[in-house]
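Structure first, commentary second.
Computed from the coordinates by the stated procedures, all read-outs in this text should not be read as laboratory data. Quick caveat, the model's predicted, so the values are computed rather than measured. Glycine also receives a Cβ, built like all others from the backbone with ideal geometry; neighbour counts cover every protein chain displayed.
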Amino acid sequence: MRLILDSNVLIAALITRGTPPDRLYEARRDGRLALVTSELQIEDLRRVTRREGLSLRIHAAKAGRMVNDLRRLTAVVDTLPPVEVSRDPYDNLLLAMAQAANADLLVTGDKRDLLSLGSHLRTRIVTARAAVDLLG
């Protein structure tokens, strides 16, 4: 199964162990799923984890390890189609990644925009808890 984890899910995985976001992130190590990302998402994650409020909750080395793991251990899509479904440009990036990677799931905590869509082409948009339930 191919998944895209929204940056809010990746950050939640960094903050609290054992939660659905953490379980999804760790499941890629077991080979039960394949994560997909892009350089734009990786750079966004680096930028966000350096914000003052988050940098107090997330150790820089832990965030750096995640960024390195994403580059080494996930499929990185380079060419993204134009997508303008959401009013949020970052959401459109995630939808473009899902489309380019033919992802099964886009996992997010964004209730207002992404989750309200339900799907984008063949990609289902779900919460981390729903994704864990789907994966068993």
Tell me which residues, restricted to segment 117-131, are surrounded by 14 or more Cβ atoms within 10 Å (Cβ to Cβ) and touching a strand residue (DSSP E or B) at 6+ places or on another chain (Cβ under 9 Å).
-> Leu117, His120, Thr123, Arg124, Ile125, Val126, Thr127, Ala128, Ala130, Ala131
If we keep only residues of segment 64-120 that are in contact with a Ser or Thr (Cβ under 6 Å, 6 or more places away or on another chain) and assigned to a loop (DSSP other than H, G, I, E, B), then the residue farthest from Ile4 (Cα to Cα) is Asp113
When both residues are 6+ apart or on different chains and their Cβ atoms are under 7 Å apart, which pairs have a first residue that lies in segment 66-88 and is without any contact (Cβ under 8 Å) to a residue 60 or more places away in the chain, and a second that is assigned to a loop (DSSP other than H, G, I, E, B) and among the small types (Gly, Ala, Ser)?
-> Val76/Ser38; Val77/Ser38; Leu80/Ser38
Of (1) surrounded by 12 or more Cβ atoms within 10 Å (Cβ to Cβ); (2) outside any loop (DSSP other than H, G, I, E, B), Arg32 fails just (2)
Qualifying residue in segment 100-120 (condition: in contact (Cβ under 8 Å) with a residue 12 or more places away in the chain, more than 18 Å from Glu26 (Cα to Cα) and of a type in the set (Lys, Arg)) | no
